[in-house]
Amino acid sequence: MVKLAGALTLEAPKAPQRKRKSVVIGYKTARGTMFQGTIEAFLQSPRAAAYAGKVQLIFTSPPFPLNRSKAYGNKQGEEFSKWLADLAPDLKKLLTPTGSIVMEMGNAWEPGRPVMSVLSLESLLQFLKKGDLQLAQQFICYNPARLPSPAQWVNVKRIRLKDAYTHVWWMAATDHPYADNRKVLTPYSKSMLHLLETGKYNSGKRPSEHHIGKTSFLTKNDGAIPANVLTITNTGTSDVYQKYCREHGIKPHPARMPIALPEFFVKLLTKDGDLVMDPFAGSNTTGAIAQQLKRKWIAVEAEKGYVESSRSRFMRRKAKSDDLKRTAKRSPDGRRGSIHT
Ligand SMILES: C[S@@+](CC[C@H](N)C(=O)[O-])C[C@H]1O[C@@H](n2cnc3c(N)ncnc32)[C@H](O)[C@@H]1O
């Protein structure tokens, strides 16, 4: 049994509705479909066959074995790694020949001990192996605003440091999945802008043995190529989903990703019109950003309550793009609402 760092503050929703064996459509937009059911049931259904070879990116944050919360009926330890790895071959079948699978997983600690569990790494490795996938690149998602945890070892005993990142593994069936880092450029730093302006920097041989040419750094592109350490703070309390949950007395999904995380990978690994999938969709953060970025999407989530509240991500809000101008549909609470499709 392991404990996800920082997870103790998350409360499970009361009596979540249990998973059903069949898969049904929770809701649809013009670009996407949310399925309600387990991913196992989805993968065995004719629906999966219809999507075989069509998904450009599977982006997901799977349920993780927690030692307290049973919100997702999480499996424990090796049972979890095996369960996750067994999904890999069937998920891979959904990918296009240049498609990618990106999986986010937090660190875990042995309960009651100042010792990290290697379960997340083992699970990712087993998934990679069972799916016969390549590790295109490993990323770290760093959250500088993360509360100190595990509290017992960080705050009380002061013998460990704040656990503030998650693992993000980018996997693919090929060495050359589609990717374009020009789609995720970041603004140049002040020093780089200065360098570009003045044209002055130390060229020649560096202690690292790299040889830096006299003009190597002088080409002004549209921004800097980001590193594989993504600094992303958690979702605020003001997004449309949180607001909807607050207004309707619904407990928000306890393990939502910051939208900037799937956004980065959707931009890096897909083009307009490509199909993005999240097999453990939760509040459907992935579908929401895919839709905003004009990608198609499918999502699968086992819990009915999460499926229902995730609809709010697609309701009409102040139009930011032409995506937001579409049909009025019934909202989860039965009132009329607009779903941007
Ligand atoms: C870590 S959460 C994903 C949160 C999501 N990324 C978000 O931003 O809201 C994992 C989700 O997987 C769902 N889940 C657990 N087992 C599942 C299964 N077998 N099939 C489909 N969904 C499952 C859980 O209900 C939970 O919502």
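For Gln242, indicate whether it is crowded, with 19+ Cβ neighbours inside 10 Å, among the polar types (S, T, N, Q) and more than 8 Å from the ligand (Cβ to nearest atom).
Judged against the criteria, Gln242 is not a match.
Could you check region 70-129 and list, in sequence order, the residues that are surrounded by fewer than 17 Cβ atoms within 10 Å (Cβ to Cβ) and closer than 21 Å to Ala151 by Cβ?
Glu110, Pro111, Gly112, Arg113, Pro114, Val115 - these are the residues of region 70-129 that are surrounded by fewer than 17 Cβ atoms within 10 Å (Cβ to Cβ) and closer than 21 Å to Ala151 by Cβ.
Please go through region 196-218 and give me each residue that is under 24 Å from Asp180 (Cβ atoms) and modelled with pLDDT under 75, ordered by number.
Within region 196-218, Ser216, Phe217, Leu218 meet the criteria.
Filter region 160-187 for residues that are in contact with a helix residue (DSSP H, G or I) (Cβ under 8 Å, 6 or more places away or on another chain) and of a type in the set (Val, Ile, Thr); which is surrounded by the fewest Cβ atoms within 10 Å (Cβ to Cβ)?
Going through the qualifying residues, I end up with Val184.
From the list Lys271, Lys318, Lys267, pick out the single residue that is assigned by TED's automatic domain parsing to the domain that holds Leu94, at pLDDT 95 or above, part of a loop (DSSP other than H, G, I, E, B) and of a type in the set (D, E, K, R). It would help to see each step written out before you state the result.
Numbers: Lys318 fails: at pLDDT 95 or above; Lys267 fails: part of a loop (DSSP other than H, G, I, E, B).
Going through Lys271, Lys318, Lys267 in turn, the sole match is Lys271.
Which one of these is more than 30 Å from Ala145 (Cα to Cα) and either of a type in the set (D, E, K, R) or surrounded by 11 or more Cβ atoms within 10 Å (Cβ to Cβ) (or both): Lys214, Lys190?
None of the others qualify; the one that does is Lys214.
Would you confirm whether any residue within region 194-208 is closer than 30 Å to Ser310 by Cβ and either touching a residue at least 24 places away in the same chain (Cβ under 8 Å) or not assigned by TED's automatic domain parsing to the domain that holds Gly106 (or both)? Steps first, please.
Residues of region 194-208 that are closer than 30 Å to Ser310 by Cβ, as a first pass: none.
Within region 194-208 (the criterion being closer than 30 Å to Ser310 by Cβ and either touching a residue at least 24 places away in the same chain (Cβ under 8 Å) or not assigned by TED's automatic domain parsing to the domain that holds Gly106 (or both)), the answer is no, since none of the residues qualifies.
Do you know which residues across region 255-264 are within 13 Å of the ligand (Cβ to nearest atom) and not in a loop (DSSP other than H, G, I, E, B)?
Ala260, Leu261, Pro262, Glu263
Part of a helix (DSSP H, G or I), assigned by TED's automatic domain parsing to the domain that holds Thr98 and in contact with a helix residue (DSSP H, G or I) (Cβ under 7 Å, 6 or more places away or on another chain): does that describe Ala299?
no
So, of the residues in region 56-103 that are of a type in the set (S, T, N, Q) and near the ligand (Cβ under 10 Å from one of its atoms), which turns out to be modelled with the lowest pLDDT?
Of the residues in region 56-103, the ones of a type in the set (S, T, N, Q) are 56, 60-61, 67, 69, 74, 76, 81, 96, 98, 100.
Those left that are additionally near the ligand (Cβ under 10 Å from one of its atoms): 60-61, 74.
Details: Thr60: 98, Ser61: 97, Asn74: 58.
Among those that are of a type in the set (S, T, N, Q) and near the ligand (Cβ under 10 Å from one of its atoms), it is Asn74.
Check whether at least one residue in region 221-232 is of a type in the set (D, E, K, R), farther than 30 Å from Tyr165 by Cα and out of contact with any Phe, Trp or Tyr (no Cβ under 7 Å at 6 or more places or on another chain), and report yes or no.
Scanning region 221-232, I find no residue that is of a type in the set (D, E, K, R), farther than 30 Å from Tyr165 by Cα and out of contact with any Phe, Trp or Tyr (no Cβ under 7 Å at 6 or more places or on another chain), so the answer is no.
Quick one: count up the residues across region 266-287 that are more than 7 Å from the ligand (Cβ to nearest atom) and surrounded by fewer than 24 Cβ atoms within 10 Å (Cβ to Cβ).
Qualifying residue count for the region: 7.
Out of (1) at pLDDT 95 or above; (2) more than 16 Å from the ligand (Cβ to nearest atom); (3) not basic (Lys, Arg), what's the single condition that is false for Cys141?
Failing condition for Cys141: (2).
The values are calculated or read from the model by the stated rules, or taken from the named source; none is laboratory data. Since the model is a prediction, treat every value here as computed from it, not as a measurement. Virtual Cβ from ideal backbone geometry, glycine too; neighbours counted across all protein chains shown.
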